[in-house]
Amino acid sequence: MKSTRSRTAALLCLLLFSACERAHTRQPAAPVESSPAPVTSKLSAAETEAFVAFHNKARAEVGSAPVRWSPKLASFAQAWAEHLAVAGKLEHRPLEGDDASPYGECLAAGSSSAFSAVDGAKGWYAEKEMYEPGTPIPIDITMWKAGHYTQMVWSTTREIGAGRAVIAEGAMQGWTVIVCNYDPPGNAEGETPYPLPAAK
């Protein structure tokens, strides 16, 4: 997605639609004398609680089980948020290579320094209006408009984790970027995000 040069508080969102990652062989890393310090999410405990609660409220509306916060996923998301802050643009983790992601992924960004993870989630949730319950994920996802929402409420997802960083340079300098990862991932082609209730 191309970034806009507008500095308004517009929300930019992208979604990783791939439901699963093919296994691939990584070359063993060379021995090092010490391991780098683990990356931890920049979200506070209060932000984390609110972010999970927002997801679970949306999920409860369609009968999906609640998700829980995963420090592992949060670390993974924070690492990519910091990568984007340096890159100066929004882009998903690749599907292959050392940075490949086996998780679902939602991205959001806002021009305000006060832009929060919940603000990002609200933008994803707003796509609910564009989703007709019971509609399966299409094979051609280029025109799919509700992918963030369907990932939020995907019934088999059990854990989420998010990170936040401020873009350091480029047209989006000063923007806050939010990365959220989901495990197991959603948006599997041909499947629906949640089962519809049985007809009475």
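Some notes on this structure:
- Number of residues in segment 56-98 that are touching a strand residue (DSSP E or B) at 6+ places or on another chain (Cβ under 6 Å) and of a type in the set (Gly, Ala, Ser) equals 5.
- If the condition is being polar (S, T, N, Q) and either surrounded by 19 or more Cβ atoms within 10 Å (Cβ to Cβ) or at pLDDT below 95 (or both), then segment 71-105 contributes 78, 101.
- Qualifying residues in segment 124-153 (those that are in a loop (DSSP other than H, G, I, E, B), touching an Asp or Glu at 6+ places or on another chain (Cβ under 9 Å) and of a type in the set (A, V, I, L, M, F, W, C)) - the one surrounded by the most Cβ atoms within 10 Å (Cβ to Cβ): 153
- Per-region count, segment 165-197, residues open to solvent by 90 Å² or more (accessible area, probe 1.4 Å) and in a loop (DSSP other than H, G, I, E, B): 6
- Failed item in (1) under 22 Å from residue 51 (Cβ atoms); (2) in contact with a Pro (Cβ under 6 Å, 6 or more places away or on another chain); (3) not acidic (Asp, Glu), with residue 128 passing the rest: (2)
The values are calculated or read from the model by the stated rules, or taken from the named source; none is laboratory data. Owing to the predicted nature of the structure, the values given are computational and were not obtained by experimental measurement. Here Cβ is always computed from backbone atoms with ideal geometry, including for glycine, and neighbour counts include all displayed protein chains. Accessible surface areas use protein heavy atoms only, side chains included; no ligands, DNA or RNA. Shrake-Rupley method; radii C 1.70, N 1.55, O 1.52, S 1.80 Å.
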